[in-house]
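Chemist: The structure's right below; bear with me while I get my questions together.
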Amino acid sequence: MSQEIAVVGSPEFTTGFRLAGVRRSENVPDDEKESELDDAVTDVLEDDGVGIVVMHDDDLEFLSRNVRQTVETSVEPVVVTIGSGTGGGGLRDQIKRAIGIDLMDEDEQ
Amino acid sequence: MAKDVKPTRKNLMEIEDRIELSERGHGTLEKKRDGLIMEFMDILDKAQDVRGDLAQDYEDAQKKINMARAMEGDVAVRGAAAALQEHPEITTESKNIMGVVVPQIESSRVSKSLDQRGYGIMGTSARIDEAAEAYEDLLESIILAAEVETAMKKMLREIETTKRRVNALEFKLLPDLYDNQEYIEQKLEEQEREETFRLKKIKEKKEQQEKEERQAEAEDEAAPDVGDESTAEPDMEQSTAGGVPGGD
């Protein structure tokens, strides 16, 4: 079954992806992120036709704890965050918990 | 826990079987955990490279779209974006790494030629084309990152589960089983000692009884002689008494 890529974020963030052909996009202006981003992300995550969700790192801060946890652990669809941060999201904590060592920290050094 | 089991030989044998199985399982799970961690290290190295490329591609794409916005205006860029007809699609196949099913994502229609993009060549500038191309490259990197990160997440889950199982066996199940085994062995030894002591006591009692019986028999044997003497006396008296009249 073929799936598509979805983008969630501000219109400035999503425009570039739409230029590359991404059809499924959820535009949430910066001033509405506090209230709207949770619903937008949940909608996309529940869509079976979506295989990859692209978000900006900074937008994770606007998500509620539950949605953020879902975003960080979701495998189908997988959420890829790009932007200012390391992009690891909750992956770093997961690695620390599973392996017992902060491997990402070691690699950064 | 140890008090819950009945100290019987059957239970001891069952516990010994369970210990053997648990120890074997513990060893196997430890090997699986170590193998998964080794595989994970390889994927982590790949993920670091992919992340580096992704950050670079995103930076390039942002520069190019900002340039296009500055030169053509935001409306023109949005207009070009809205005209797109070909949409990238992904199909997922799976690969098995030590029992963990990880995806292999195949993409199609990500990189497009100018005429496939849908917006008119005449109405737009090369800046928009460059931005579109940069975002197409970014999408390729995102798809690769998605594949690697999904594999990482799945492997981390499996590592965590295996680690929990290993710890449960090592720190809970096996110590409990060893406790139970020790408890039953102690109880059985105690029972054995009690049994030996009891048999010893019975033997002593029996010996004592036999001794008493022998003594009684000996006394019995000795007693009839004394009885004869005592009974003989009256006879003798009688005989003497009888003899007197006879003598008279």
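The values are calculated or read from the model by the stated rules, or taken from the named source; none is laboratory data. Not measured: the values here are computed from a predicted model. Here Cβ is always computed from backbone atoms with ideal geometry, including for glycine, and neighbour counts include all displayed protein chains.
Chemist: Output yes when any residue across the stretch A:25-41 is within 17 Å of B:ILE143 (Cβ to Cβ), in a strand (DSSP E or B), facing another protein chain (nearest Cβ under 9 Å) and touching a Gly at 6+ places or on another chain (Cβ under 9 Å), and no when none is.
Modeler: Checked against the condition, which is being within 17 Å of B:ILE143 (Cβ to Cβ), in a strand (DSSP E or B), facing another protein chain (nearest Cβ under 9 Å) and touching a Gly at 6+ places or on another chain (Cβ under 9 Å), the stretch A:25-41 yields no hits at all.
Chemist: Restricting to the stretch B:56-83, what's the tally of residues that are out of contact with any strand residue (DSSP E or B) (no Cβ under 7 Å at 6 or more places or on another chain), at the interface with chain A (Cβ under 7 Å from one of its Cβ atoms) and closer than 17 Å to B:LEU138 by Cα?
Modeler: 3
Chemist: Looking only at the stretch B:89-108, how many residues end up being within 32 Å of the chain's Cα centre (by Cα), on the phi < 0 side of the Ramachandran plot and not hydroxyl-bearing (Ser, Thr, Tyr)?
Modeler: Number of matching residues: 9.
Chemist: For the stretch B:84-136, what are the residues that are out of contact with any helix residue (DSSP H, G or I) (no Cβ under 9 Å at 6 or more places or on another chain) and modelled with pLDDT of 85 or more?
Modeler: The answer is B:GLU89, B:THR91, B:ASN96.
Chemist: Could you go through the stretch B:87-100 and let me know if any residue there is within 30 Å of A:ALA20 (Cα to Cα) and away from every other protein chain (no Cβ under 12 Å).
Modeler: Yes, the stretch B:87-100 has at least one match.
Chemist: Does any residue in the stretch A:61-80 that is more than 9 Å from chain B (Cβ to nearest Cβ) and assigned to a strand (DSSP E or B) come within less than 6 Å, Cβ to Cβ, of a residue that is surrounded by 15 or more Cβ atoms within 10 Å (Cβ to Cβ) and of a type in the set (Gly, Ala, Ser) six or more places away or on a different chain, and which pairs are these?
Modeler: Cβ pairs passing all conditions: none.
Chemist: Then there is this: For the stretch B:125-170, which residues satisfy the criterion of being without any contact (Cβ under 8 Å) to a residue 40 or more places away in the chain, basic (Lys, Arg) and at the interface with another protein chain (Cβ under 7 Å from one of its Cβ atoms)?
Modeler: Listed by number, the list holds a single entry, B:LYS153.
Chemist: Run A:PHE17 past the list (1) more than 14 Å from chain B (Cβ to nearest Cβ); (2) not in a strand (DSSP E or B) and report the number of the one that doesn't hold.
Modeler: (1)
Each row is one residue, and each column tells you yes or no for (1) at pLDDT below 90; (2) β-branched (Val, Ile, Thr); (3) within 20 Å of B:HIS87 (Cα to Cα).
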| site | (1), (2), (3) |
| --- | --- |
| A:GLU12 | yes, no, yes |
| A:VAL28 | no, yes, no |
| A:LYS33 | yes, no, no |
| A:ASP38 | no, no, no |
| A:VAL44 | no, yes, yes |
